[in-house]
Amino acid sequence: MGTAGSDGSQGNYAALTKKLTDNIELIKTVFKNDSTLVTRSFESQFEPNLKYCIFYSDGMVNNKILNEDIIKPLLEYRPEKKESDLINALAKQIIFSNSVEITTEMEKIIQGIIYGDTVLFTDGYAEALILNTKGWSIRSTSEPENEKVLKGPREGFTEALLTNLSMIRRRIRTPELKMEYQTFGTRTKTQACICYMEDLVNTDVLEELRKRLESFTIDGVLDVNYINEFIRDAPYSPIKTVGETERPDVVVAKLLEGRVALLLDGTPVALTVPHLFIEHFQSDEDYYINFYFSSIGRILRLMAFFVSTSVPALYVALTTFHQEMLPTSLVISISMARQGVPFPTVVEAVLMLVVFEMLRESGARMPGMMGQALSIVGALVVGQAAVSAKIVSAPMIIIVGITGISGLMVPRIKGASIVTRFALLGLASIFGFYGYMFGFLVLMMHLFSISSFGIPIMSSVYTNGAQDRKDIAIRAPWWKMQKRPKYLSPNTTRVSVKGGSK
């Protein structure tokens, strides 16, 4: 890990001295065989005894700031009298930098150089100045590929932590928004930030998050999923208990509900806690369109989850064990379609579901329009060829097609849908409809037994408050959602309608 208070081994470094040459040699020894370290020694043109040396990492600094705001003022500095404390004079009067830190700690100096700061040494002083000159290239903000919306903000997070935090700060202009930095990875020293609204946050959730972040150690963190797997509840469950998003407007909306967000430098994805099961079916644009249409879309997504997980299992159970539950004409039609097919129905289902997932995955990995064409053409060609060759029956192609399309409607719960689909299919193939019902009940019991940072993920289902039920399967109008859910935030007031409630 990294934690807020434990960054791993600090290293045993020699102390700084008052001799500039010794300090230069010390830094070069630490960064031995590192070709990106740039060393620049120079002296004042008016006072030859004022000798300086700066260190920075090539490609990590803004060269304009370095040349004009640091090197130029030092070269032109002309002391009128002998400075009793030159280091403070440089920090407060000479150098143009928005952030200057005086330090003797080698760990801070090394981390500053690595992270894009410039370190200044002065001959005759056993102290160094860490100057903010960060200026590396970052990707411009754009709409997230995985969270496209038809209506609403198009801005998405980038890989730069400070840029992402600025997007949040720009939307919440209040001092109640708190941002706490932490460091993860004993080697990568990756910076992260916990964001929350001080007057809205559930303090139990916040303290639990801090506790879990301090409970593990890892040498490198490159993505939020490294942290997610350590802090999530029910780590072996396919159901998410930590939310993920690449959209700043989504993070802001969750902060305003009393949730906590965790952002990591180097990744455009933010984590949010607690995460409820109903959030898998809530779209980002539900709150940007009319509540009638958003409610219809949400109901369709809930139905799509049921269809994508249950239809193959129900088809196998009914056609294999319970034909009497189907109309006679339908049974005859299915039986005629299966003539000449060498495999049992369950083998057909597993085979075609696996092929569909392979086509979907390959289409997702292929670039742009080529991936879409591959998925569509592949599905048509493979399906038609399989039916013509009597490897699978035509009704099975229909079942798999309905299942696949329904699964694409709920991408946020894709992994859990696939696991549940095959589990229910396996039980139905052995015990028929009773096996399916048993699996469905086990799924319900599992969902109602999971919590996310102390908040049951099904809290929205059995809540007693009328206000807590107005943003679940159906989204109520904004003037009706006057309070936040009590299980998320102790401060429940959200909307105040002038002249009384509509």
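The values are calculated or read from the model by the stated rules, or taken from the named source; none is laboratory data. In this text, all values refer to a predicted model and were calculated from it rather than measured experimentally. With ideal geometry, Cβ positions are generated from the backbone for all residues, glycine too; neighbour counts draw on all protein chains shown. In case anyone asks, the SASA skips ligands and DNA or RNA and just uses the protein heavy atoms, side chains included. Shrake-Rupley method; radii C 1.70, N 1.55, O 1.52, S 1.80 Å.
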Seminar exercise, completed: The condition from (1) assigned to a helix (DSSP H, G or I); (2) open to solvent by 40 Å² or more (accessible area, probe 1.4 Å) that I102 misses is numbered (1)
For this session: Sort through F293, F281 and tell me the only one that's buried (at least 21 other Cβ atoms within 10 Å of the Cβ) and of a type in the set (F, W, Y).
Result: F281
Exercise. Do the conditions hold for K51, that is, is it more than 18 Å from Q93 (Cβ to Cβ) and surrounded by 13 or more Cβ atoms within 10 Å (Cβ to Cβ)?
Worked result: yes
Exercise. Of the residues that make up segment 264-277, is at least one of a type in the set (D, E, K, R) and modelled with pLDDT of 90 or more?
Worked result: yes
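For segment 404-422, name all the residues that are among the charged types (D, E, K, R) and within 15 Å of Y436 (Cβ to Cβ).
Taking segment 404-422 as the starting set, the residues that turn out to be among the charged types (D, E, K, R) are 412, 414, 421.
Matches in segment 404-422: R421 only.
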Problem set entry | For Q323: the one exception among (1) surrounded by fewer than 18 Cβ atoms within 10 Å (Cβ to Cβ); (2) at pLDDT below 85; (3) not aromatic (F, W, Y) | (2)
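Would you tally the residues in segment 140-162 being of a type in the set (A, V, I, L, M), part of a loop (DSSP other than H, G, I, E, B) and open to solvent by less than 40 Å² (accessible area, probe 1.4 Å)? Don't jump to the end; show me each part of the working.
Let us first name the residues in segment 140-162 that are of a type in the set (A, V, I, L, M), namely 149-150, 160-162.
Add one more test, that the residue is part of a loop (DSSP other than H, G, I, E, B), and what stays is 149-150, 160.
Remaining after also requiring open to solvent by less than 40 Å² (accessible area, probe 1.4 Å): 149, 160.
Of the residues in segment 140-162, 2 are of a type in the set (A, V, I, L, M), part of a loop (DSSP other than H, G, I, E, B) and open to solvent by less than 40 Å² (accessible area, probe 1.4 Å).
For segment 187-229, which positions are under 21 Å from I239 (Cα atoms) and under 15 Å from the mean Cα position of the chain (by Cα)? Can you show your working first?
Going residue by residue through segment 187-229, those that are under 21 Å from I239 (Cα atoms) are 205, 208-209, 212-213, 223-229.
Selection gives D223, V224, N225, Y226, I227, N228, E229.
Whether any residue in segment 81-93 is under 30 Å from V251 (Cβ atoms) and outside any helix (DSSP H, G or I) is what I want to check. Spell out the reasoning first.
We begin by selecting, within segment 81-93, every residue under 30 Å from V251 (Cβ atoms); these are none.
No, there is no match, as no residue in segment 81-93 is under 30 Å from V251 (Cβ atoms) and outside any helix (DSSP H, G or I).
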Problem set entry | Residues that are touching a residue at least 60 places away in the same chain (Cβ under 8 Å), hydrophobic (A, V, I, L, M, F, W, C) and surrounded by fewer than 15 Cβ atoms within 10 Å (Cβ to Cβ), drawn from segment 105-139 | W136
Seminar exercise, completed: Among the residues of segment 24-51, the number that are under 18 Å from G124 (Cβ atoms) and in a helix (DSSP H, G or I) is 4
Seminar exercise, completed: If we take segment 376-451, then helices (runs of 4 or more DSSP H) inside it with 2 or more residues that are charged (D, E, K, R) are 414-431
